[in-house]
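First up is the structure itself, then whatever we jot down about it.
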Amino acid sequence: MSPLSRAIPTGAEQEPGSKTLKARVGASVHIRLWEDRTRGELWVPSYDATAMPLVEDDFLRTASNNAVDAGQRTFEFRPMAAGTHRLVFEKRMGWKFTAEDRQIFYVTVS
């Protein structure tokens, strides 16, 4: 390949900065993300519900101040099919049209 040419993406490449996890079919996959609800932050997941259904969504408040509502949000997925599945989390603010942050996870299920 010449230095001026580029590889043609096939759609199977992982995005830079994405995280990779391994799991087994039927075993839980937990993803924890920091969320500051005082600022209006809310993590919104995008995923294939037939391959990796969301079975639990929990929030653990860890800030010690009464005026602050911040902590860890935990998403629990249960893989139902083998293969590599993509989970995208976008940090949304109620008054913005675009995501403030984005976290991408690839879960390889065997």
Of all residues being of a type in the set (A, V, I, L, M, F, W, C) and in contact with a helix residue (DSSP H, G or I) (Cβ under 7 Å, 6 or more places away or on another chain) in the range 65-92, which is modelled with the lowest pLDDT? Just the residue, please. Val68
Taking the range 34-51, which residues are under 12 Å from Val88 (Cα atoms) and aliphatic (A, V, I, L, M)? Val44
Quick count over the range 12-35, residues being surrounded by fewer than 10 Cβ atoms within 10 Å (Cβ to Cβ), within 22 Å of Met80 (Cβ to Cβ) and at pLDDT below 90, is 1
Do we find that Pro45 is at pLDDT 95 or above and either surrounded by 13 or more Cβ atoms within 10 Å (Cβ to Cβ) or assigned to a loop (DSSP other than H, G, I, E, B) (or both) in this structure? yes
If you scan the range 12-40, which residues turn out to be in contact with a Pro (Cβ under 9 Å, 6 or more places away or on another chain) and of a type in the set (D, E, K, R)? Arg24
Would you point out which residue out of Phe105, Phe75 is within 15 Å of Ser18 (Cα to Cα) and hydrophobic (A, V, I, L, M, F, W, C)? Phe105
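The values are calculated or read from the model by the stated rules, or taken from the named source; none is laboratory data. Everything numeric here is computed off the predicted structure, so don't read it as measured data. Cβ sites come from the backbone with ideal geometry, for glycine too, and all protein chains shown count toward neighbours.
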